[in-house]
Amino acid sequence: MNETAARVYAEIDLDAVRANVRALRERAPRSALMAVVKANAYGHGAVACAKAAQEAGASWLGTATPEEALALRAAGLEGPVLCWLWTPGGPWREAVEAGIDVSVSALWALEEVREAARAAGMTARIQLKADTGLGRNGCQPADWEALVTAAVAAQSEGTVRVTGVWSHFACADEPGHPSIQLQLTAFRDMLAYAEKEGVEPEVRHIANSPATLTLPESHFDLVRCGIAVYGVSPAPELGTPAQLGLRPAMALKASVALVKSVPAGHGVSYGHHYVTERETSLALIPAGYADGLPRQASGHGPVLVGGRIRTVAGRVAMDQFVVDLDGDEVRVGDEAVLFGDAERGEPTAEDWARAAHTIAYEIVTRIGGRVPRVYLNG
C-alpha cells in the first residue's frame, strides 16, 4: 500500500541532486558550476534543490526571471545568482540591492540597471550576453561594440561592474552540429573584443548541460547545468541518465483510486478511443493534465502498477486516467509509478516524452503546483 496520503505526488530525492552535481563537476573539473533552478528547478522545487546543489559544490545559481532570483534570496540562499530574462520596468533595484547578477543584452536594459543602481546607491553586477547564433536573447555581433562601449562607460562611472560575458548554444544536444563550432568561434571573438575594451569578467560561460557532458572546449570559467542536475538526459542521443552518470531525482507516483471489472467491448474514457477486447479489470489513476501529464500521451503513456508497466487506456483526462489491468490483481491504494528511474524498472520522463512527442525537459517541468513534492534525504 502507498503510505503517502496524497492522491498523486512527486518524490524528489535530494541525494540524487547532490550526486548529479558532483558528477557534473567531475566532467568540468577546471570550471565552476552553476545549478540552474529556473521554473521551480524544472518542477523539482527551487529552494530545496538549490540548497542541495550548493551542498554538493555548485558555486552559482541561475534563474530565468527576477522573481525567481529574489525568491532564492528571500529563502536565505547566498552566493552568486544570475538572472537573465528581463523586461522593461522589471525589479532592477530589488535585484541590485539583493546582489543578484543581471544579464544585459541591449542598451535599454543597461540604462534601466544603471538607473536602478543610482537609486540604490550601489554598484550593479551585470553580465553581458552575446547572441552567438541562437537567435533568442543576447546581443547581436553587429550591436556588440555599442553595448560593450556603453557598459565600459557605466563601469567607469561606478554604476555597474561587468562580472561576466556569456552566451548559449542552439544545438549542443546534437554532437557534431556545425553551429556548435561557429558559436564557439563567435563567442571567443566577442569575448576578446570585450576584454580588449576593458571588460575583466569574473566568469566567461557558454556551456549548458549537453555541452558540459560532451564539449570540454566550451567549459571556460563556468558551466551552466539545468536538466542534468535533476538526472534527466539532455537528449536521448547523448545516452540514458545511467550512461551519463546521472540519477533521476523525481519520481511521480499516485495511489490507485478504483479497481473494477468491465465486460468486453466497454469504452474507456472520453471519445472511447480505447475499447476493451475481453472482460477485464480497470484501475483508475487519479492524475491528469491538470497535474501536468500531457494529454498528447493518451493511449501511450507508461505506468508501473501491479508489478508491470502498462499504458494509459484511452485519453488522459483533466484529473484522472485509466489503465487496463488485463486480469492482474491490483487493489485500491496500491502504488502507481508514472515515471522515475529506469534502473529501478520504472518508466521514465523520457518514456513519457516519446509518448507525447516532446522532450523530457517538458515532462518534469510541467508537473503542476497542485502536485505536492515529497523530499527525501533533505
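Couple of notes before you dig in:
- When we screen V322, V364 for residues that are of a type outside the set (D, E), touching a Leu at 6+ places or on another chain (Cβ under 7 Å) and under 21 Å from Y9 (Cβ atoms), the only hit is V322.
- Number of residues in the stretch 227-241 that are touching a strand residue (DSSP E or B) at 6+ places or on another chain (Cβ under 9 Å) and surrounded by fewer than 22 Cβ atoms within 10 Å (Cβ to Cβ): the value is 0.
- Residue list for the stretch 151-184, filter: out of contact with any Lys or Arg (no Cβ under 9 Å at 6 or more places or on another chain), more than 24 Å from L238 (Cα to Cα) and of a type outside the set (S, T, N, Q): A151, V152, A153, G158
- Residues that are under 22 Å from the mean Cα position of the chain (by Cα), aliphatic (A, V, I, L, M) and open to solvent by 10 Å² or more (accessible area, probe 1.4 Å), drawn from the stretch 90-144: L134
- Flag if E217 is under 30 Å from P236 (Cβ atoms) and of a type in the set (D, E): yes
- The set of residues in the stretch 357-378 that are touching a Pro at 6+ places or on another chain (Cβ under 9 Å), open to solvent by 10 Å² or more (accessible area, probe 1.4 Å) and in a helix (DSSP H, G or I) comprises Y361, E362.
- Within the stretch 5-22, being crowded, with 21+ Cβ neighbours inside 10 Å, of a type outside the set (K, R) and part of a helix (DSSP H, G or I) holds for L14, A16, V17, N20, V21.
- Looking only at residues of the stretch 344-356 that are in a helix (DSSP H, G or I) and of a type outside the set (D, E), we find that the one that is farthest from Q320 (Cα to Cα) is R344.
- Residue within the stretch 177-195 that is in a loop (DSSP other than H, G, I, E, B), buried (at least 21 other Cβ atoms within 10 Å of the Cβ), among the polar types (S, T, N, Q) and modelled with pLDDT of 95 or more present: no
- Subset of the stretch 305-316 (residues that are in contact with a helix residue (DSSP H, G or I) (Cβ under 9 Å, 6 or more places away or on another chain), in a strand (DSSP E or B) and among the hydrophobic types (A, V, I, L, M, F, W, C)): I309, V312
- Of all residues assigned to the stretch 127-135, none qualifies as being of a type outside the set (S, T, Y), closer than 17 Å to R73 by Cα and free of Cβ contacts under 8 Å to residues at least 40 places away in the same chain.
- For the stretch 44-68, a residue qualifies if it is closer than 15 Å to N20 by Cα, within 14 Å of the chain's Cα centre (by Cα) and not aliphatic (A, V, I, L, M), and the qualifying residues are H44, C49.
- Just one of the numbered conditions (1) within 22 Å of the chain's Cα centre (by Cα); (2) open to solvent by 30 Å² or more (accessible area, probe 1.4 Å); (3) on the phi < 0 side of the Ramachandran plot is not true of F169: (2).
- Checked against the criterion of being of a type in the set (V, I, T) and part of a helix (DSSP H, G or I), the candidates V148, V162 yield just one match: V148.
- Any chance A264 is in contact with a Lys or Arg (Cβ under 7 Å, 6 or more places away or on another chain), part of a loop (DSSP other than H, G, I, E, B) and not β-branched (V, I, T): yes
- Candidates G292, G307 - the one that is open to solvent by 20 Å² or more (accessible area, probe 1.4 Å), at positive phi and modelled with pLDDT of 95 or more: G307
- A Cβ distance below 6 Å, combined with a sequence gap of six or more or placement on separate chains, defines the contacts here; from the stretch 362-378, residues that are on the phi > 0 side of the Ramachandran plot reach residues that are open to solvent by 50 Å² or more (accessible area, probe 1.4 Å) in the pairs N377/D15.
- Residues of the stretch 32-45 satisfying the condition of being open to solvent by less than 20 Å² (accessible area, probe 1.4 Å) and of a type in the set (A, V, I, L, M, F, W, C): L33, M34, A35, V36, V37, A41
- Test: residue in the stretch 334-343 that is open to solvent by 10 Å² or more (accessible area, probe 1.4 Å), in a helix (DSSP H, G or I) and under 28 Å from E277 (Cα atoms): no
- Failed criterion for D319 (all others in (1) open to solvent by less than 10 Å² (accessible area, probe 1.4 Å); (2) within 24 Å of N40 (Cβ to Cβ) hold): (1)
- Residue match in the stretch 249-259 (condition: among the polar types (S, T, N, Q), crowded, with 20+ Cβ neighbours inside 10 Å and not in a loop (DSSP other than H, G, I, E, B)): yes
The values are calculated or read from the model by the stated rules, or taken from the named source; none is laboratory data. Remember, it's a predicted structure, so these values are computed and weren't measured experimentally. Note that each Cβ is placed from the backbone with ideal geometry, even for glycine, and that neighbours are counted across all protein chains shown. Just the protein is used for accessible areas: all its heavy atoms, side chains included, with ligands, DNA and RNA removed. Shrake-Rupley method; radii C 1.70, N 1.55, O 1.52, S 1.80 Å.
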